[in-house]
Structures are given as C-alpha cells and as structure tokens.
Amino acid sequence: MTNHSETTGSAGNDDIGGCEGYQTRGQSDPGSERSQDAEHAEHAEHVECVTYDTHGSDHQVTLRTPAELADALPYLLGYRPEDSIVLVALHDRGGRGRFGGRARLGIPTNDDDWESAARQLAHGLITGSERRGAKPEQMVAYLCQEPAKGESGQQVMQRLTRLAGLLRTECGRLDVPVIEALCISGGRFWSYCCPSEGCCPVEGIPMGLPGTSVLAAAATYAGLQVRGTLRELRARLLPWETAAVLDQEIVLDATSMVQVPRMFDEADRVAVAEETVALAERVMKRFAEAPPVSGALQADLRDDALLGHEEAATLILGLQDRTTRDRAAEWMEGEEAGPALRLWRALARRCVGPYGEHAAAPLTLAGWVAWSTGDDIEAREALAMALGADHGYLFARLLHQACNEGLDPESIRRCLRTEREARTARAREAAGESTAPEVEEPAHPEVPSGRPQARTRRRRRDGASSATRPSTAKSGSTRPRPSGSQGTEPRSPGKFDTRRRSACSQEVRSPDEACEEQP
C-alpha cells in the first residue's frame, strides 16, 4: 500500500458554495447486509474524516454529468490525487445531492488488500459523518491511477473494476448507495455505473484541459487553488537523494557524539536547549532576509544553500528534546510562521540515512505551522509523514487527529502564547527587571476604625529572591531518554526522547476517536 492517506472535506460543509444537483443514470446495488463493526486490517492505512471551512458560500455550481464530476475532483480535494481511492459524500438538499465529506486512501498494490481498504474507507467516512449528525444519503467514488509502462488507461480501468465493485458493496452495507464510480487514468475517464456506451464509450472520454471548465472558473473566483499532486508536496519534505547525503550523514554522526551526552547531562541540557533555540532564530532571520525566488523547487534549493550541514545537524538533534520542540512550536503565526515553516521543511530534508526517525520532530513542526496558518493540506501530509517516521510520536498523533477532526488551532496557539509570555516574564524577573509597578506604602496608611494599625510589608510568598528561587520551567524536570517503543534503545546514534508531554499537546486531544483507530 502507499505510505499516505488523508481526507478532505466535512460531513456538513462543502466548497464553492456547494457543487450540487448531480443525478446519475445508473444506481449501485446497496447490498443486503448492514455493516457490522468493521475491523481495520493490520496492513491498512489510517483514514480520518476531516472538516473543511466553506469557501464562497454565495456561489453554486451544478454538476450533471460524469465528465463534470471527473473535472471536479481536484477542486474538491485541493490537489490532484495519484494512485488513490476517493469517496465523496452527498447529502440531500431539496432533491439534489450536495457535496459533504471527502476521504482518500492509496490503492493497495496487492489486490488481496482491496476488500479491507474499501471497508476501511467507507466505514471511516460514513461513520465520521454520522458522528457529526449528517449521514450521507449517497456516495461518489473515484479510482485514480496512471497506467504502468506498456499499459493503457482502459486496461487500468478494467483491472480496477473489482475494486470499484467492492467500494459499492461496502458503502451499500452501510445503506449509502454509490450513485457514480469513475476511473481516471491516462487523461481519460470511465464510468462503472453507466450502462450506455453511447455516452460512456469503452475507450473512455478525454478529460478536459485543466482550468478550462465552469467549475474551474468558479473555484478560482471562490479563492480555491489546486496544489498540484501529493507527490510534489511530499518532495518538499522528503530526505535528500543527492550527493550531499553522505556529507550530511557524517556531520550528523559527529554532532550526535558531542550533543547527545550533553543533552543527557543534567547540567548541560538547559544550555543545549537555549543554544538550539538561538541557532534556529538566527537561521530563520537568514531565511527571512533572503531574496525571494519563484517556484517551490527553487525556493527549497535556496533554503538548502542557506543552511549549513553543522547547523542542520545541531538543530535536528536539539529538536529531539520535546521541551525544545515545544518552544520551537511557538513560531506559528505572524512574521515568524513563514521562515519557521521553511526551516522545518529544510530540516526534514536533512534527516538522511539512519536519521530518518529524527524527521518526526521537524515534520510535526511543519505540519503544526501549516495548520496554524490555514494550510490544511500540507498540515495533514506533514503530520502523516511524521507518524510514518515515528509511529509513536505523540505530538504528531494528537495534532493529526485534531487537524482531521476540524478542531480550531486557536486553542493550541493560545496555550503556546501563554507559555511564551510566562517564560519571558520569568526571564525578566531573573534579570532583575520589574514585571509590575511597585506599590509604595504610604507613610501613614489609613486603617479602618476599631482595628489596630499594623505594618504591611510586601514579601515573596516563598521567601526567596528571584535570583535564588528555583526555575519552574518544565524543561528542568525532564530527562532525555532513548525513544522508541517501550523505551527501547535508539535505532541510530543520537536518537533519544523525553517523557514530558506538552501542556498544549493535552489540549489537542479530541473528545471522540472519529475514524481514528490507529494503524
């Protein structure tokens, strides 16, 4: 199976103000059995049900034909899916189907896995919609796969016919009929539901030129953009595959031999954290001052050139401490967000060779900043990749669930702002700066009649000065330890973790586990 799955859309919200009014000529047979509690197979990928904000609610586009549905898919998802099964929920609005939740899953390479994948996808989207109070009335299914070498699009369509039938059956088990199932391959599309060769010939129908349809115009007017493909998005976050890989790996080895003992040392750990944060701030400033370039590839190459091997290694290792990582998560908005996201992408690309698990930290930070700034597509992709690098990475897991549940990131931002303000106040206090105006006692304070006069000198509650009082920073209460399942030894030198849970991580937890049976 592919290494990625994600969904877009919600059970109650839709894009472009509602693409609606689709009516098909063929109906799927819904199946005679209601679904029992479907179990996810061990090999199956994770599926979530996601909430999308509505865009351009005053603009509606009616889709009436399979061709219009095929053209609509990239605009429904926000990108062009590859090797994907996509389900789109339809909700009845006055006799018309209005788009709701969307769910995507990679097409399993082994057709023995198709049944469990179809069951997982249908169960995840339908039950997730039910939890939000709006079970779909109908479903549209898409199978998207480019032909292999020597294969035609028509052969792809024929090869995937059984998978399309399984999708219709699994949705039917939950009493949600699939009214249209399309295969998109090689620049053409086919309908699995239309029995007429007059409108759906066996050789397929050519797809229209991207961006030339009425829907494309409406999407552009509504502010929706198609981001290209997931492969292009992932390329910005994947480790290098260039000649520089060996040099970066050597520097990571050398840096880990110096940094890791310091991070395990009680006296040096706080100093390493401060050095990591300071270095990250310098690199972010360097990124912010760099002249802009056009194109994602050129922008990433520019950032790679601005980040040295030793700097990257120091930051990658330093971010394995969760306290340090949580401080880095505070660069999530305003002028800091853009350079921070670029830095986390660049660090993820430097997690080469045996340091692949270390990418969980920068990938999680990239996903968090993307989500915080409104880019749900990159957020879900980065967080899914973080879980792929380290399946047990708690912060990524919680953020992934929260993002997919459509929770508001403001609650997490508020928590991080509070922590930052409190730390700043402690630093000023430790430096001897006053954080509040002094209150001088009057020479002859007035005292209510009938009470004896008493001296009221202000004192610290703990009786200690700010210079000698122990720090209350959470980083001082944690000790790094090797990461991995059940505290096992790291797979690569320098891989370690801490037991601390961020206070913000606790806020991410969703009240229910909507479609969240973890793989």
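Taking 0.36 nm per residue of sequence separation and removing the Cα-Cα distance, the His391/Glu266 pair yields an extension gain of 42.2 nm. For segment 328-335, 3J(HN,Hα) computed residue by residue from phi via the Karplus equation (6.51, -1.76, 1.60; θ = phi - 60°) reads 5, 5, 6, 8, 10, 7, x, 5 Hz, glycine and proline entered as x.
Provide the three semi-axes, in whole Å and in decreasing order, of the ellipsoid equivalent to segment 238-310 as defined by the square roots of 5 times the Cα gyration tensor eigenvalues. Display every interim value, and only then the final one.
Details: eigenvalues 154, 64, 11 Å².
Value: 28, 18, 7 Å, ordered largest first.
Taking all protein chains as they are arranged and a probe of 1.4 Å, the heavy atoms of Ser185 leave approximately 0 Å² accessible to solvent. Note on Glu410 and Glu274: the extension gain reaches 46.3 nm, defined as 0.36 nm multiplied by sequence separation minus the Cα-Cα distance. With contacts taken as Cα pairs under 8 Å at a separation of at least 6 residues, segment 237-317 carries a relative contact order of 47 percent.
For segment 307-430, the equivalent ellipsoid built from the Cα gyration tensor has semi-axes of 22, 19, 13 Å, listed from largest to smallest. Here each label is just a point 7 Å from Cα along the line to Cβ, and for Ala148 and Ala288 those points are 5.1 nm apart. The apolar share of the surface of segment 64-129, taken as the fraction of accessible area on carbon and sulfur atoms (1.4 Å probe, ligands and nucleic acids excluded), comes to 38 percent.
Hey, with R₀ at 35 Å, roughly what FRET efficiency would Arg64 and Ala296 work out to, going by the Cβ-Cβ distance, to 0.05? E(calc), rounded to 0.05, equals 0.45. If R0 is taken as 51 Å, the Cβ-Cβ distance between Glu281 and Gln158 corresponds to a FRET efficiency of 0.35.
Please give the length that would be gained between Leu238 and Glu82 if that part of the chain were fully extended, namely 0.36 nm times their separation in residues minus their C-alpha to C-alpha distance (nm, one decimal). Mind showing how you got there, number by number?
Working: separation 156, 0.36 × 156 = 56.16 nm, distance 1.73 nm.
The span from Leu238 to Glu82 would gain 54.4 nm if fully extended.
The values are calculated or read from the model by the stated rules, or taken from the named source; none is laboratory data. Keep in mind that what you see is a predicted model, and the values were worked out from it rather than measured. Please note: Cβ atoms are built from the backbone with ideal geometry, for glycine as well, and neighbour counts cover all protein chains shown. Side chains are part of the model used for accessible areas, which takes the heavy atoms of the whole protein and leaves out ligands, DNA and RNA. Shrake-Rupley method; radii C 1.70, N 1.55, O 1.52, S 1.80 Å.
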